[in-house]
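Below is one structure, written out as structure tokens; the observations come after it.
The values are calculated or read from the model by the stated rules, or taken from the named source; none is laboratory data. Values in this document were obtained by computation on a predicted structure and should not be read as measured data. Ideal geometry is used to build each Cβ from the backbone, glycine not excepted, and the neighbour counts take in all protein chains shown.
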Amino acid sequence: MEDDKQNFGILLHDVARMMRVGYDRRMKPLGLTRSQWWVLNRLYFLEGTRQSELASELDIEKATLGRLLDRLESKGWVVRKPDPTDRRAKRVYLTDKVEPTMRIMRQRATETNTEALASLTSSEQKQMIKMLLRIRGDLADLYSPGGSSAND
């Protein structure tokens, strides 16, 4: 029987969970829930994306994202604008008002990542990132619509 401490999936899940706990602790003083900081983080990299695409990226239901965006919009941190190419769709943007919070979020995320990787050399960190990117790419190819395992 395989030792669960050596199982790749379990280990990856545990590391991700511990990272989320670290982020949660650092984001709580900013008044952000995990869901809110995750939406803001994804928008930082995907600003102007369609609301439906953002829901897919976050792996949450469209209605759930809609409620999260309502809360972030009420704080003045995001704005939804009509998509010029599809009047049914909305695109989501960060506002200038959230910029100070985003700076702090990015700093605290960097601190969390630095702590998590502290025991690895720079070379080991680069190698790990390279391997994880390869695995993510392989899995995206396998499980994306039309991928070789999409119909399994």
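Can you work out which of the residues in the stretch 116-138 that are loosely packed, with under 11 Cβ neighbours inside 10 Å and more than 15 Å from L12 (Cβ to Cβ) is nearest to the chain's Cα centre (by Cα)?
Checked the stretch 116-138; the qualifying residue nearest to the chain's Cα centre (by Cα) is G137.
Is it the case, given these coordinates, that L117 is out of contact with any His (no Cβ under 7 Å at 6 or more places or on another chain), under 19 Å from R42 (Cβ atoms) and not charged (D, E, K, R)?
No.
Just give me the residues in the stretch 70-109 being among the hydroxyl-bearing types (S, T, Y), at pLDDT 95 or above and over 12 Å from L40 (Cα atoms), in sequence order.
Once the filter is applied, which keeps residues that are among the hydroxyl-bearing types (S, T, Y), at pLDDT 95 or above and over 12 Å from L40 (Cα atoms), the stretch 70-109 yields only S74.
A quick yes/no check of all residues on (1) modelled with pLDDT of 90 or more; (2) within 13 Å of the chain's Cα centre (by Cα); (3) surrounded by 14 or more Cβ atoms within 10 Å (Cβ to Cβ):
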{"site": "D4", "(1), (2), (3)": "no, no, no"}
{"site": "I10", "(1), (2), (3)": "yes, no, no"}
{"site": "D14", "(1), (2), (3)": "yes, no, no"}
{"site": "M19", "(1), (2), (3)": "yes, yes, yes"}
{"site": "G31", "(1), (2), (3)": "no, no, no"}
{"site": "W37", "(1), (2), (3)": "yes, yes, yes"}
{"site": "L40", "(1), (2), (3)": "yes, yes, yes"}
{"site": "L43", "(1), (2), (3)": "yes, yes, yes"}
